[in-house]
Every structure is written in structure tokens, then in C-alpha cells.
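Have a look at the structure below, then the notes.
Read-outs throughout are calculated quantities, based only on the coordinates presented, and are distinct from any laboratory measurement. These numbers were taken from a predicted model, which means no experiment stands behind them. All Cβ positions, even for glycine, are placed from backbone atoms using ideal geometry, and neighbour counts span all protein chains on display.
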Amino acid sequence: MLGETEFFVRKAIGWVLRETGKGRPEMVAGWLGPRMVRVSGVTFREAVKYLSTDQREALLRKRAALARLPA
């Protein structure tokens, strides 16, 4: 459902990832990494809230790099 355009579906996916990240941040970071192109901004912001600073920054760098690629 990562391609869903409905705001609350995107937010709900982020909430699930956020809550999972409280206990299993490595799993969430590992899951997000290969899906960065498909993850919406709201999903991403929610998902990274409880990741470590290093995990969050690595994902932010990856997201920024992907944003610079030509479409």
C-alpha cells in the first residue's frame, strides 16, 4: 500500500513503522532502506521518529540522494 495516495493510509503506515521502531529499530531501518523511492513524506517522518540518530541520518541521506536523481 506504499503507493496509496490517501493521506491517512500513508500516516497509518508510518504509525505502524513508528511503533515497531520503538522495539525493533533495526528492522524498520532495514525495511525502509530499499523502499525509499516509494515511501511518502508523511510515512517517512512517522517511521523514523524512534530510530537512532545514525539510522535516521543515513535514511535521510539516502532520501536526499534519491531526490536528486533524474526522473
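Taking the conditions exactly as written (under 19 Å from residue 6 (Cβ atoms) and surrounded by 18 or more Cβ atoms within 10 Å (Cβ to Cβ)), does residue 48 satisfy them or not?
The answer is no for residue 48.
Out of 46, 57, I need the residue that is within 23 Å of residue 9 (Cβ to Cβ) and assigned to a helix (DSSP H, G or I). Which one?
Within the list 46, 57, the selection yields 46.
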